[in-house]
Structures are given as C-alpha cells and as structure tokens.
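Report on the following structure.
The values are calculated or read from the model by the stated rules, or taken from the named source; none is laboratory data. Since we're looking at a predicted model, the values are computed, not measured. Cβ: placed from backbone, ideal geometry, glycine included. Neighbour counts: every protein chain shown.
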Amino acid sequence: MKEIAYIDQNLAEFIPQLINDRKKDIADIRGLIETGDFEGTIEILKTIRETANTFGFKELTAMSSHAVTVARRKKGGQANELIEKMAKHLEKIKVVYVDFGEENEMDFYERGKDIL
C-alpha cells in the first residue's frame, strides 16, 4: 500500500532530494547497525523522524520513531527488519502536491484521503 503524503506545492522542488537523502540515510544505518553503532543509528533515525514529521510523511514518521526505540534497546536484528521496511516504504511513497492556501492542512488531509 502506498502512503499518500499531501505536501504544499511550494515545497515541490525539495521533496525528491529529501526522499533521496532518506534513502542514503537508510544505507548509512545498515552499516552502522552492522558495526554495532547504535548511537549513530539513533541520530540518523531522529533526523529521518524529524524531517518526515516536518514535511507530513506520517507513516515514515511512525516507522522511524519505532526504529529509534528499538535501536535504543540495541536490538540489531529487529532494527534491521524495521530499516528494511522503511527502505521499501520509501519506494512506495506517493506525493500529492496541493495548494493549502488558507486551508488547514489537517482538514485537507482528512477530506482528501478518501478521494485518492
């Protein structure tokens, strides 16, 4: 299932790079987990979480938040599973650019999610 992320059209030029950067982060995390660097893993996951939340990628926000919790517990196998889910998820995100104007973003999301 694709996540539909409703993004303000004024941010359209930034989103492809943002997604590519998150894919690079995932590659970096794989290496960090392999070497047991959970602190480095957590820092990158926090960046993913904050960026995803800022730009409205709700599912990615939730996934990265959960991965932070797992990494804090130093559960490498479980962290790897979550990272792979995040990598697959990044391939499935569908971005819909909208003009929020004066409209409340959440109102748009709630009405629009059933249309698409």
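One table, with the values for the structure above:
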{"item": "Residue check, Tyr97 modelled with pLDDT of 60 or more and in contact with a strand residue (DSSP E or B) (Cβ under 6 Å, 6 or more places away or on another chain)", "result": "yes"}
{"item": "Residues that are closer than 22 Å to Ala5 by Cα and free of Cβ contacts under 8 Å to residues at least 40 places away in the same chain, drawn from the range 69-96", "result": "Leu82, Glu84, Lys85, Lys88, Glu91"}
{"item": "Residue within the range 29-41 that is part of a loop (DSSP other than H, G, I, E, B) and in contact (Cβ under 8 Å) with a residue 60 or more places away in the chain present", "result": "no"}
{"item": "Residue selected from the range 34-54 under the condition among the charged types (D, E, K, R) and within 28 Å of Asp8 (Cα to Cα), by the criterion surrounded by the most Cβ atoms within 10 Å (Cβ to Cβ)", "result": "Arg49"}
{"item": "Selected residue (criterion: surrounded by the most Cβ atoms within 10 Å (Cβ to Cβ)) from residues of the range 8-28 that are touching a residue at least 60 places away in the same chain (Cβ under 8 Å) and under 21 Å from Gly77 (Cα atoms)", "result": "Arg22"}
{"item": "Failed item, numbered, when Ala5 is tested on (1) surrounded by 14 or more Cβ atoms within 10 Å (Cβ to Cβ); (2) modelled with pLDDT of 95 or more; (3) more than 13 Å from Ala71 (Cβ to Cβ)", "result": "(2)"}
